[in-house]
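Peer 1: Structure provided below as structure tokens; questions to follow.
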Amino acid sequence: MKVTDYGFTARLYRGDSTPPDALEDISRYSNDGSFKGAGEPDWIQMPSGLWVMSFDGSDDVITVGDCGIDTKTFLAWIYPDDNTTRSIIDLDSGTHSIEIDGSGDLTATGWAGPAIYVNASTTSAAIPESAWSFIAVTTTTAIDSSSVQIGQEA
């Protein structure tokens, strides 16, 4: 049996109470993320009762820091209201990151031979605007996740 070790796994929130002003990591590493930025990321409650994070596209960021484990795969649900030039995550102060480029495609800067999946397909890296998409980026070459920032690249 193979055990997968996750360096950061965000807690899901559901219900009537607004989640806290931090993103709780429920992995064994407990790398909670702190909110930064003028307005800070906002919590928005979906009709299902699930709370999601909303970033303003300029200075909202969640700083996690050093995850204490190397990264080979990144997974997330995203809902961009603008699919041009958006940062999703920076793993190490600008060398390895994931973003949406000016053409609306998901890119993995600095990743060695990445496989990029958008809604379970490698056919197109295009990210639809104003729609939920499940994204995955994976590589066989480990990345030292030494300075993780969610929502804004260094």
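The values are calculated or read from the model by the stated rules, or taken from the named source; none is laboratory data. Fair warning: this is a prediction, and the values are worked out from it, not measured in the lab. Here the Cβ positions follow ideal geometry from the backbone for every residue, glycine too, while neighbour counts run over all protein chains shown. All accessible areas refer to the heavy atoms of the entire protein, side chains included, with ligands and DNA or RNA removed. Shrake-Rupley method; radii C 1.70, N 1.55, O 1.52, S 1.80 Å.
Peer 1: Return the residues of region 24-45 that are of a type in the set (A, V, I, L, M) and out of contact with any Lys or Arg (no Cβ under 9 Å at 6 or more places or on another chain); say none if nothing qualifies.
Peer 2: Quick first cut of region 24-45, residues of a type in the set (A, V, I, L, M) only: 26, 38, 44.
Across region 24-45, the qualifying residues are Ala38, Ile44.
Peer 1: Show the residue pairs that are 6+ apart or on different chains and have beta-carbon atoms under 9 Å apart, the first residue being within region 87-111 and touching a residue at least 60 places away in the same chain (Cβ under 8 Å), the second being open to solvent by 40 Å² or more (accessible area, probe 1.4 Å) and acidic (Asp, Glu).
Peer 2: Between residues of region 87-111 that are touching a residue at least 60 places away in the same chain (Cβ under 8 Å) and residues that are open to solvent by 40 Å² or more (accessible area, probe 1.4 Å) and acidic (Asp, Glu), the close pairs are Ser87/Glu153; Ile88/Glu153; Ile89/Glu153; Asp90/Glu153; Gly94/Glu153.
Peer 1: Of everything in region 79-94, what is open to solvent by 40 Å² or more (accessible area, probe 1.4 Å) and either at pLDDT 95 or above or farther than 24 Å from Trp43 by Cα (or both)? Give them in sequence order.
Peer 2: Answer for region 79-94, where residues must be open to solvent by 40 Å² or more (accessible area, probe 1.4 Å) and either at pLDDT 95 or above or farther than 24 Å from Trp43 by Cα (or both): just Ser93.
Peer 1: Sticking with this one: Considering only region 95-114, state which residues are open to solvent by less than 30 Å² (accessible area, probe 1.4 Å) and of a type outside the set (Val, Ile, Thr).
Peer 2: Ser97, Glu99, Gly104, Leu106, Ala108, Trp111 - these are the residues of region 95-114 that are open to solvent by less than 30 Å² (accessible area, probe 1.4 Å) and of a type outside the set (Val, Ile, Thr).
Peer 1: So is Ala76 under 19 Å from Thr138 (Cβ atoms), free of Cβ contacts under 8 Å to residues at least 40 places away in the same chain and exposed (fewer than 15 other Cβ atoms within 10 Å of the Cβ) or not?
Peer 2: Criteria not met by Ala76.
Peer 1: I would also like to ask the following. Tell me which of these Asp59 doesn't satisfy, since it passes every other one: (1) open to solvent by 20 Å² or more (accessible area, probe 1.4 Å); (2) modelled with pLDDT under 90; (3) within 16 Å of the chain's Cα centre (by Cα); (4) within 19 Å of Thr139 (Cα to Cα).
Peer 2: (4)
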